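One structure is given below, encoded as structure tokens.
The values are calculated or read from the model by the stated rules, or taken from the named source; none is laboratory data. What you see is a predicted model, and the numbers here were worked out from it, not measured in a lab. With ideal geometry, Cβ positions are generated from the backbone for all residues, glycine too; neighbour counts draw on all protein chains shown. All accessible areas refer to the heavy atoms of the entire protein, side chains included, with ligands and DNA or RNA removed. Shrake-Rupley method; radii C 1.70, N 1.55, O 1.52, S 1.80 Å.
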Amino acid sequence: MGIFKEFKDFAMRGNVMDMAVGVIIGGAFGKIVSSLVDDIIMPAIGMVTGGIDFKELSITVGTAVIKYGSFVQNIVDFIIIAFCIFMMIKAMNAVSKKKEEAPAPAPEPSNEEKLLSEIRDLLKNK
């Protein structure tokens with residue numbers, strides 16, 4: 001029964017749950033980017049290059065078919081995903097940097113300081 005408790009403790013740690021959420025969102029984000037590349041970017045590139053469909057580009061060597069067009073499309077997917085992640089991290093760093101630069105509020109003066117300020121003010125008024 002001890003191993004099940006250890007596994008439960010491991011699975012319920014914050015980092016594991018955060019990672020699981022990240023993987024799920026990353027998978028959905030990958031589908032969005034793949035759709036962007038497949039349905040919008042690559043057809044536009046195909047139009048510019050004379051109607052070439054990159055998915056269909058291949059070379060036959062003997063009986064082997066080398067589908068380099070699909071490889072090119074996957075490279076474009078990767079570049080777009082990497083750029084989006086770079087921009088998100090850059091934005092997050094900018095936000096955290098602004099938080100660090102914000103001045104900390106002045107600490108509450110101690111009772112001694114308050115008393116000395118009152119004495120100073122009384123001496124000024126005399």
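At 222 nm, what helix-only mean residue ellipticity would the chain give, in deg cm²/dmol to the nearest 500, using -39500 (n - 2.57) for each DSSP H run of four or more?
Details: 5 runs with 89 residues, N = 126.
Roughly -24000 deg cm²/dmol at 222 nm, from the helical runs in the chain.
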Item checked: Rounded tilt (10° steps) of 111-125 against the dominant C-alpha axis of the chain -> 60
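Heavy atoms only, probe 1.4 Å: what % of the accessible area of the chain goes to carbon and sulfur, would you let me know? Please report the intermediate quantities before stating the final value.
Numbers: 7490 of 10890 Å².
Answer for the chain is 69 percent, counting heavy atoms of protein chains only.
Lysine pairs, Cα distance under 16 Å, 8 or more residues apart or cross-chain: how many in the chain?
Numbers: Lys55/Lys67; Lys90/Lys98; Lys90/Lys99; Lys114/Lys124.
Close lysine pairs under the 16 Å cut-off: 4.
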Notebook entry, point to check: What's the FRET efficiency of Val23 with Ile59 using the Cβ-Cβ distance as r and R₀ = 41 Å, to the nearest 0.05?
Noted result: 0.70
Note to self: I need the shape label for the chain. Rule: rounded when a/c is under 1.5, else prolate if a/b > b/c, else oblate, with a, b, c from the alpha carbon gyration tensor.
What the structure shows: oblate
Check: Angle, helix 68-101 long axis vs. longest principal axis of the chain, Cα atoms, 0 to 90°, nearest 10?
Finding: 0
Check: Residues of the range 71-89 with amide nitrogen under 14 Å from the 7 Å Cα-to-Cβ point of Ile40?
Finding: 77, 80-81, 84
Item checked: Accessible area in square angstrom per residue, the range 7-125, 1.4 angstrom probe -> 84
Check: Taking only Cα atoms, what is the 0 to 90° angle, nearest 10, from helix 14-36's long axis to the longest principal axis of the chain?
Finding: 40
